[in-house]
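Heads up, the thing below is written out as structure tokens.
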């Protein structure tokens, strides 16, 4: 994987579960247009993707970098 310039990097399991999604959205909201964040997780973050579709419709790009089985990595870009 080539090293990209991510404005924010988060490893979801390091964030307390009850505030995980709010913290990820807070980080996304801090991005400027065109900036990217890197999210890693120990399971597929597909539920988060669906939440982004609802709460940040047409504001983001989502690209899997790695899809398991032990680590999932996603690049989330602010449009």
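Each reported figure results from applying straightforward, stated rules to the coordinates on display, with no laboratory input. The shown structure was predicted, so the numbers you read here are calculated from the model rather than taken from an experiment.
Entry note, the chain: relative contact order of 33 percent, from Cα contacts under 8 Å with a spacing of 6+ residues. For Rg and Dmax of the Cα atoms in Å, the value calculated from this model appears in (i) 16.0, 44; (ii) 11.7, 32; (iii) 12.4, 38 under label (ii).
Work out, step by step, the length gained on full extension between residue 43 and residue 62: first 0.36 nm times the residue separation, then minus their alpha carbon distance; give nm to one decimal.
Separation in residues times 0.36 nm, less the Cα-Cα distance, equals 5.3 nm.
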